[in-house]
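What follows is one structure encoded as structure tokens, with my remarks underneath.
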Amino acid sequence: MDAKEFFMNPTSSLHRRYEALKAFYHEGLSADAAAAKFGFAPSFFKKMRYEFGKDLREGVYPFFLEKKPGPKERLTSDETVERIVSLRKQNYSINDIKVVLDAEGRTISLETIDKILKADGFAPLPKRTRQQRLAITLPKKFQAPKSVTLDLVNQEFTTETGVGPIIFMPLIEKLGIVEAIKTSDFPETSEISNVQSILSFLALKLMGNYRWSHDTSWNMDRGLGLFAGLNVLPKSTTLSTYSYRVTRQTNLKLLTKLAHIFKDDENEDGEFNLDFKAIPHWGEVSVLEKNWSGARSKAIKSLLSLIVQDPSTGYLSYTDAEVKHRDQNDAVLDFVDFWKNGRGIAPKMLIFDSKLTTYENLNKLNQSKEKIKFLTLRRRSKNILERAEKIPAEEWEKINIERTKGKYQLVRVHDGKTTLRHYEGDVREIILTDHGRQKPAFLITNDFDLDVKQIIRKYARRWLVEQEIAEQISFFHLNNPSSSIVVKVDFDLTLSLLAHNLFRVLANAIPGFEHCTADTISRKFLENGARIEINDNVVTVHLKKKTHIPLLFSLPWIKETTQISWLGIKINFMTGTVS
């Protein structure tokens with residue numbers, strides 16, 4: 001294409017627009033003629049004229065953009081460049097060079113270091129042996145001091161990450177959590193008590209810390225140490241070793257005490273949602289059994305854990321991370337025994353899916369002295385699906401069930417009776433269709449008195465609770481143990497229950513946040529910094545100003561001074577800037 005043809009036959013869209021507008025405004029062609037000449041529809045050409053005029057009025061010139069060249073000279077100082085070159089001559093890698101520069105207070109990216117080295121003609125380092133890498137002298141890391149009982153001398157310090165657990169201290173005192181820990185026979189050492197050890201774990205749970213092993217984010221935070229009554233929290237190796245000294249019986253003692261602490265006599269109705277969670281293990285060599293993970297839609301090497309929640313309060317009531325394949329069907333009976341022994345009463349109704357237990361155990365629940373009610377899904381088979389298809393249309397009923405965010409769904413239901421293998425007598429069978437799944441769902445229960453709408457809504461509420469449990473467990477990172485599972489999972493799960501329930505108490509106390517997850521509560525209220533003053537055994541926490549902080553000070557245990565028994569101090573909170 002020669003130069004003349006380039007202007008006579010524009011090919012790019014932007015060039016065609018320019019020539020069409022030039023023909024209309026400069027050469028005097030009509031709008032229709034200019035549009036036809038350059039292949040535009042009249043309506044589109046009208047829109048082009050409007051947008052072009054608007055751009056001109058706003059000072060925008062769409063066809064001739066002014067070139068703004070960047071800086072011609074290197075922004076990195078000559079001194080820093082010389083330092084980088086000097087370090088490379090000593091066989092420092094790019095990452096090693098950045099470590100040294102950061103220690104010297106020079107902020108520079110890895111990409112910039114790489115560009116400087118290439119500009120000066122340095123080739124990439126050849127692969128080095130371990131001995132060669134160790135020969136590089138890097139700045140020494142600060143080591144966290146040894147954890148010891150906190151010396152409450154008059155002092156002042158700041159915390160950037162540890163204020164969240166401190167906000168829970170008055171609530172923990174009010175609920176009697178520390179006394180429950182003391183009487184649960186947790187192990188202790190000659191230097192760190194059982195309360196200090198458990199509170200060290202709990203501090204990390206309340207932070208939502210991504211991995212227990214990432215101790216560089218918390219191992220020198222004095223605010224977290226204050227929460228546990230230590231100068232700083234123990235290192236990750238110490239915490240890991242401690243967790244393996246904790247037995248299932250010790251966890252059960254704490255769970256029993258927590259069942260008495262986290263209860264609401266006005267709202268509790270004796271119903272419980274039971275669900276299995278597969279907590280994965282990522283090690284290459286694993287002796288763990290494979291369990292089905294709904295989140296990953298496959299069987300994975302994992303620990304099968306039972307989680308029980310009271311849907312009326314949102315509290316977790318029981319956990320067990322030591323469920324084996326051979327006895328997983330009896331896990332529901334283990335919970336019943338736990339609740340009867342701990343609270344002195346039997347559960348009124350248990351709600352779970354079809355894979356949690358067997359029909360034989362459903363019969364045991366029905367034949368028990370307390371006639372414990374159950375509500376579960378029935379496993380579908382070809383015969384029962386064919387039977388459902390033959391039910392006459394007039395025998396179906398339409399009802400609304402609640403979904404997320406206040407939405408409702410109209411479903412068809414059939415209420416009847418059926419029999420099960422290894423089950424004495426009839427069970428009530430409720431068939432659901434038009435519920436968002438291709439195949440109907442079959443609910444079975446031994447409760448013949450409740451209205452069918454109430455039965456449907458109870459199980460529908462369990463679907464919502466399943467989602468809530470998944471969100472909460474995600475915050476406490478039960479699905480992300482390190483590859484060697486450095487924290488014993490049953491102990492981890494027990495502390496997750498405690499942390500979850502503390503978050504629920506806090507959320508329920510703040511108007512408008514009753515249904516928020518732990519992640520939302522943490523982000524809006526707890527992720528904050530503070531200046532902490534200790535004077536004559538009185539701790540004053542000056543919280544940084546934050547949008548939702550005023551709502552915290554509407555809580556009685558925040559706006560009042562509280563005696564903290566496990567530290568022998570009084571604590572109060574104030575708002576203000578932190579220097």
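With 31 Å as the limit, the listed pairs Lys257/Lys458; Lys355/Lys390; Lys263/Lys355; Lys205/Lys545; Lys257/Lys546; Lys369/Lys398 have Lys257/Lys546; Lys369/Lys398 beyond it between alpha carbons. Between the amide H of Ser354 and those of Leu377, distances stay under 5 Å, these residues lying 5 or more places away or on another chain, with hydrogens modeled in the peptide plane. Taken as Cα centroids, the stretch 321-396 and the stretch 506-577 sit 42 Å apart, rounded to the nearest whole angstrom.
Peptide packing: for 269-277, 21-29, the average count of neighbouring Cβ atoms within 10 Å per residue gives the ranking 269-277, 21-29, highest mean first. Here the extension length gained between Ile391 and Tyr408 equals 3.6 nm, from 0.36 nm per residue of separation less the Cα-Cα distance.
With 0.36 nm allotted per residue and the present C-alpha distance subtracted, the Leu555-Asn400 stretch has 52.1 nm of extension available. Taken along the Cα-to-beta-carbon direction at a fixed 7 Å, the label points for Ala346 and Leu152 span 4.8 nm. In order along the stretch 539-545, phi translates into HN-Hα couplings of 9, 10, 9, 8, 6, 5, 5 Hz, rounded to whole numbers, per the Karplus curve 6.51 cos²θ - 1.76 cosθ + 1.60 with θ = phi - 60° and x for Gly and Pro. Taking 0.36 nm per residue of separation and subtracting the current Cα-Cα distance, fully stretching the chain between Arg133 and Thr418 would add 95.4 nm.
Working note: Karplus 6.51/-1.76/1.60 with θ = phi - 60° gives the stretch 77-85 the couplings 5, 4, 4, 5, 4, 4, 5, 5, 5 Hz, where Gly and Pro are set to x.
Close amide H contacts of Leu150 (hydrogens built in the peptide plane, cut-off under 5 Å, sequence separation of 5 or more or a different chain): Leu230, Asn231. Spin-label pair Asp337-Arg57: with each label point 7 Å from Cα along the Cα-Cβ axis, the two points sit 8.1 nm from one another. As a rough guide to protection, the peptides 560-572, 518-530 ranked by mean Cβ packing within 10 Å, highest first, stand as 518-530, 560-572.
Sequence-ordered 3J(HN,Hα) estimates for the stretch 419-425 from the Karplus curve with 6.51, -1.76 and 1.60 and θ = phi - 60° stand at 10, 10, 5, 6, 10, 7, x Hz, glycine and proline given as x. Ordered by the number of other Cβ atoms lying within 10 Å of each residue's own Cβ, fewest first, Met8, Met574, Met207, Met220 fall into the sequence Met8, Met574, Met220, Met207. Annotation: peptides 256-263, 379-386, ranked by per-residue average of other Cβ atoms within 10 Å with the highest first, follow the order 256-263, 379-386.
Taking label positions 7 Å along the Cα-Cβ direction at both Met8 and Glu191, the computed distance is 9.1 nm, reported to one decimal.
A short reminder: the numbers here are calculations on the coordinates, not readings from a lab. Bear in mind that the values here come from a model prediction, so they are computed numbers and not experimental data. Please note: Cβ atoms are built from the backbone with ideal geometry, for glycine as well, and neighbour counts cover all protein chains shown.
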